[in-house]
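What follows is calculated from the coordinates using simple rules that are stated; it is not laboratory data. Computed from a prediction, not measured in an experiment: that's the story for all the values here. Neighbour counts run over all protein chains shown; Cβ positions are idealised from the backbone, glycine included.
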């Protein structure tokens, strides 16, 4: 059958509710092909460090950005899920906010390829997020809570480097 890809699990001992293989339809494969065609110049696996001063600390957060094209960040995720994921799951994540702040990028796009266990088909979703007023303060407040938690439990040696 043309435009059909057989996917096999590499770990034969893995327990799963899925069959040992499943098939992409030509429509599912075309969404991946369109993405690759639209973003042929994308740069992937970019190591980056966000450095800034905060309270009494010099903060350095190492990150690896999945991919960028211009001032646009793309994070690709491939998931096996029981039900469709919602935008709110991704909106509430801190990672996209940190990546935008660290790079000065203007747009963050999640590219989600979901395999619904019940239907055994791939669904492509794209969620686009933008910087917003107060985003840096939100991230810094979370960082503050995290450092205070570590300080209260004498764990700062694991997160603060001299």
Q. In whole angstrom, how long is each semi-axis of the equivalent ellipsoid of the stretch 112-162, when you take the square root of 5 times every eigenvalue of its Cα gyration tensor and sort them from largest down?
A. 37, 19, 9
**Q.** Computed over the stretch 47-140: relative contact order in percent, which uses C-alpha pairs under 8 Å that are six or more apart
**A.** 25
Q. Measuring from the lowest to the highest alpha carbon on each principal axis, how far does the stretch 37-78 reach, largest first, in angstroms?
A. 47, 23, 12
(Q) Suppose the chain between residue 40 and residue 26 were pulled fully straight at 0.36 nm per residue; how much longer would it get relative to their current alpha carbon spacing? (A) 3.0 nm
Q. In Å, the Kirkwood hydrodynamic radius of the stretch 17-131 over pairs of distinct alpha carbons?
A. 15.9
Q) Does the stretch 57-116 classify as rounded, prolate or oblate by the C-alpha gyration tensor (a ≥ b ≥ c root eigenvalues; a/c under 1.5 gives rounded; else a/b over b/c gives prolate, otherwise oblate)? A) prolate
Q | residue 91-residue 152 pseudo-label distance in nm [points 7 Å out on the Cα-to-Cβ vector] | A | 2.9
Q: Report P(r) for the stretch 78-160: all Cα-Cα distances, bin width 5 Å, range 0 to the bin holding the largest distance, values in whole percent.
A: 3, 12, 18, 16, 13, 13, 13, 9, 3, 1
